[in-house]
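Note sheet for the following structure.
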Amino acid sequence: MEHVFTAPGTALPAALEASLTGGMQDFNVTGASCASCVRKIEAALRRVPGVEYAEMNFAQRIVSIDGHVPAKRLIQAIRDAGYDASAIDTGDADGLAEKERADQAHYRQMLRNTWCALGVGVPLMLYGLFGGDMGVHTDTQRLGWLLVGAVTLAVMAFPGRHFYVGAWKSIRNRAANMDTLIAIGTGTAWLYSMVVVLAPDAIPAAARHVYFEATTMILGLVTLGLALESRARGRSSRAIRRLVGLQPRTARVIRDGVESDIPIARVRAGDRLRVRPGERIPVDGVVDEGGGAVDESMLTGEPMPVHKSAGNTVSAGTVNQTGTLVFRATRVGRDTALARIIELVGRAQNAKPPIGRLADRVSAWFVPAVMIIAVVSALAWLNFGPAPVVALAMVSATTVLIIACPCALGLATPMSVMVGVGKAAEHGILIRNGEALQGAAKITTMVLDKTGTITVGKPVVTDVIPATGHDADEIIAWAAGLERGSEHPLASAIADCASDRGIAPAPVSDFNAIAGHGLEGRTDEGVVLLFGNHKLMRDRNVGIDDAMIERAESLAGEARTPMYLAVDGSLAGIIAVADPLREDSVAAINRLARQGIRVVMLTGDNERTAAAVAAAAGIGDFIAGILPEGKADHVADLQRQGEVVGMSGDGINDAPALARADVGFAIGSGTDVAIESADITLMRGSLHGLADAVAISRATMRNIRQNLVGAFIYNTAGIPIAAGVLYPFTGLLLSPVIAGAAMALSSVTVVSNAGRLRFYDPSEH
């Protein structure tokens, strides 16, 4: 299922409207302990008839499902797989708050379990370290260790219960996961120890060693690791909570002339609402009365407030800084722009980039392979090891099982994706899926549309050059008076110029449009005005000196359109109109170049205009006179050359190229069609968003690779050491307790490494 974002206050694409009324549901999953659990849950859900999409974020323990299937049926499918689940609304503040409270309660419970297990394990371990006899040679020792065994069993039954319950469910469902390894490893150590205590004569004297401290220490250390991991995950999921926190709880509604504060859930489309200075705007709407500066940084990433007055749109979550606004609600509840952002960010955080699916594939065979390795290791010790072979075989097998738990492997990708997507949202970048996140990091060529992407997309007056005997204000007044009756695209630029300068358009009558050339008219004083191109002036025998012609040609060479104004047959001046570069286009394009990305400009404009814009923007490669389908063809040509192509645009004519590119970027202020076709949406109209998106994607993928390499190295290097390959050379055999500590530390390390992304600043790259 795909999700898009549209500019605040505008109509949303029909495709998005349809998708949000579909069957996308989120569930909070309990009992999942590693990457193999994720694969199992997803497979169980995908087998349910009607499910089109199912993907689980192991870091958040949330599974997203698309399909018209009742929630009860989906929950039952998860339970049948050996886990439990409950429905959750990730866009609802109350729902997230409830999940956060549950996570906090779970964290505190795990800490209690940790201290309980370590409270037994640490004294036992210290007793052994300081010379205590861990063997069973007398009846007194048998009685003492029997009591310790009973206490250890209590630790396994209560603080460690979830490992054994999870293992039983896994075995019952013919699968294996982290709980299986922990349960078998600790259970083996306890059973061996109890055999030593209850039937010491069955064990050689040299092997009558108990390992109750290993069982309790492993349970305590692994649980501590899970607790620390849970706490770090909570910090890393702040992006969604911060967005949800932008939604006010109440709104001041005006109904029948009476103002009252009501819960935001009761606001209806069409209601009139009042927002006072300092308050957050509760829903999307259009201003009816009043005016003031509104901070929209949460939507656009732009720090400067935007002035709002009657007719302007306002968006939920933005802050009214000055003045009082009365506006009419247009979108409420889950239809607001903020709600859609929350939904999109949540979906993207749950998405798996292609590199992340590697962990899923590995986990399918990893746990069974580890169990086989543990058995082979034990057999090797039994057949070829020194005395006491039984004890050493048990230690070796237990250590292999414990150190190989694939927790870190399961966390490696989702933790980084969760933080990276949240960081992108903070900078006004909405990433639609995992493929886009990974693809943006690989871009080698960025194709930019000219109009509305590199340029503002709206013509403005750039130059007013009066002839001798005239002044600029006079020329603008006459031109504005003529253009007031025109529908030409440049007319609004001249009208805006007059308005900005406080110049009243001259009254013009006898208005006449000369197709392809310009306009003519007559003022109230009878002055004949002629406004248009050079050909019109020549046809009407208006004299233009060489200096003015040279100036006009110079302006044309700078991608500006010069227009001549004649008064009673004599040239009064030149007005030049252009679609100017965005203020930060040059700086942003330079950033892309520093990132090693080749920038190519495509435009339907003529060669001369395109060359001028490209030169001004610092772009070396451009192609002019391109039709919409030609843009997509050029993107395909670049791909055939081996380039990974990113395409940015904002118009309907950019949609084919956006869809064809490896990664499509839509400017948030653009059309719905462009946004629907894009993989990443930039909520602010700045090309710096492209450089930021590439930088964040590269940082996220780098972080994922670090996590995956660390997890793979840890497991692949740890298993042989645990099996005892170093013993013949060094006499070293890894303790199960050390393996438990290392396994817990690996998960915490992965989570902490992903958390570093929270402090990443893309503007520095």
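The values are calculated or read from the model by the stated rules, or taken from the named source; none is laboratory data. Everything quoted here is computed from the prediction, not taken from an experiment. Every residue, glycine among them, receives a Cβ derived from its backbone with ideal geometry; neighbour counts consider all protein chains shown. With ligands, DNA and RNA removed, areas are computed over all heavy atoms of the protein, side chains included. Shrake-Rupley method; radii C 1.70, N 1.55, O 1.52, S 1.80 Å.
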Residue hits (the range 748-764; surrounded by 22 or more Cβ atoms within 10 Å (Cβ to Cβ) and β-branched (Val, Ile, Thr)) are Val750, Val751
Worksheet item: Given the structure, is Ala479 aliphatic (A, V, I, L, M), over 26 Å from Asn512 (Cβ atoms) and out of contact with any Pro (no Cβ under 6 Å at 6 or more places or on another chain)?
Response: no
Picked from the range 711-733 (must be of a type in the set (Ser, Thr, Tyr) and open to solvent by 50 Å² or more (accessible area, probe 1.4 Å)), the residue modelled with the lowest pLDDT is Thr716
Contact list, first residue from the range 402-425 and on the phi < 0 side of the Ramachandran plot and among the small types (Gly, Ala, Ser), second anywhere and assigned to a loop (DSSP other than H, G, I, E, B) and at pLDDT below 85, beta-carbon distance below 8 Å, six or more apart or interchain, is Gly410/Cys34; Gly410/Phe58; Gly422/Ser237
Picked from the range 518-553 (must be without any contact (Cβ under 8 Å) to a residue 12 or more places away in the chain and out of contact with any strand residue (DSSP E or B) (no Cβ under 9 Å at 6 or more places or on another chain)), the residue least open to solvent (accessible area, probe 1.4 Å) is Gly526
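Looking at this structure, is Leu658 free of Cβ contacts under 8 Å to residues at least 24 places away in the same chain and buried (at least 19 other Cβ atoms within 10 Å of the Cβ)?
Values: free of Cβ contacts under 8 Å to residues at least 24 places away in the same chain: yes; buried (at least 19 other Cβ atoms within 10 Å of the Cβ): yes.
Yes: the conditions hold for Leu658.
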Counted residues in the range 44-69 being farther than 30 Å from Asn753 by Cα and part of a loop (DSSP other than H, G, I, E, B) come to 6
Scanning the range 96-111 residue by residue, the ones that are under 26 Å from the mean Cα position of the chain (by Cα), hydrophobic (A, V, I, L, M, F, W, C) and surrounded by 15 or more Cβ atoms within 10 Å (Cβ to Cβ) total 1
When the range 578-614 is checked residue by residue, the ones that are farther than 17 Å from Phe665 by Cβ, in a loop (DSSP other than H, G, I, E, B) and at pLDDT 85 or above are Asp579, Pro580, Glu583, Gly596
Exercise for the section: Would you check if there is a residue in the range 373-385 being at pLDDT below 75, open to solvent by less than 10 Å² (accessible area, probe 1.4 Å) and in contact with a helix residue (DSSP H, G or I) (Cβ under 6 Å, 6 or more places away or on another chain)? Expected result: no
Would you check if there is a residue in the range 554-564 being open to solvent by 60 Å² or more (accessible area, probe 1.4 Å) and more than 30 Å from Ala617 (Cα to Cα)?
-> no
Among the residues of the range 156-192, the number that are open to solvent by less than 20 Å² (accessible area, probe 1.4 Å), in a loop (DSSP other than H, G, I, E, B) and at pLDDT 90 or above is 2
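Go through the range 592-618 and give me each residue that's over 15 Å from Glu558 (Cβ atoms) and β-branched (Val, Ile, Thr).
First, pick out the residues of the range 592-618 that are over 15 Å from Glu558 (Cβ atoms): 592-604.
Once the filter is applied, which keeps residues that are over 15 Å from Glu558 (Cβ atoms) and β-branched (Val, Ile, Thr), the range 592-618 yields Ile597, Val599, Val600, Thr603.
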Does the range 442-455 contain any residue that is open to solvent by 30 Å² or more (accessible area, probe 1.4 Å) and in contact with a Phe, Trp or Tyr (Cβ under 6 Å, 6 or more places away or on another chain)? no
Apart from one, (1) part of a helix (DSSP H, G or I); (2) at pLDDT 90 or above all hold for Ala105; the odd one out is (2)
